[in-house]
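Comments concern the structure below.
The values are calculated or read from the model by the stated rules, or taken from the named source; none is laboratory data. These numbers come from a predicted model, not from an experiment. Positions of Cβ are generated from backbone atoms using ideal geometry, with glycine treated the same way; all protein chains shown enter the neighbour counts. Accessible surface is based on the protein model in full, side chains and every heavy atom, while ligands, DNA and RNA are left aside. Shrake-Rupley method; radii C 1.70, N 1.55, O 1.52, S 1.80 Å.
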Amino acid sequence: MSGGEVAGILVAVFWAILVSFLAVALVRLAQTLKATTKLVADVTDQAVPLLADASTAVRSAQTQIDRVDAIASDVQEVTSNASALSTTVAATFGGPLVKVAAFGYGVRRALAGRKADVPVKEPRRTVIVGRTVPAARRKNRGK
């Protein structure tokens, strides 16, 4: 055998080994693609029901939000009605009740002074450097 024939055999062996490695790599790539295809199919099979459930949940949540919105508007209306009623009651009964209470206080005061037939005492006075200060002013000073 000559050097050229040996080189040809080496090149042929090298190409055979290279083709074998490429064949193994292609077989593994095909297996990976099969597994990926199966995984995508399984995910698709499971995702469709999940998306349907999510869509149902979103619709249910929207229905509940609409109900809460209706309840909130009803509560707002009831609150405004209660406020109006409170204002009306205060305007209708507030003034007269104050007047009745003031009248009752005046009557009690008048009757208390007549019962005892005792003259009303003069408030005590305090003399400070030549002038008199009523007791009521002394009390206010201390506050």
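Key figures
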| item | result |
| --- | --- |
| Calculated FRET efficiency for the pair residue 66/residue 86, C-beta based, R₀ 30 Å, to 0.05 | 0.45 |
| Contour excess over end-to-end distance, with Cα ends at residue 30 and residue 7 and 0.36 nm allotted per residue | 4.9 nm |
| Heavy atoms of residue 92 accessible to a 1.4 Å probe, total area in Å² rounded to 10 | 80 |
| Estimated distance in nm for a label pair at residue 98 and residue 23, the labels positioned 7 Å out from Cα along Cα-to-Cβ | 10.9 |
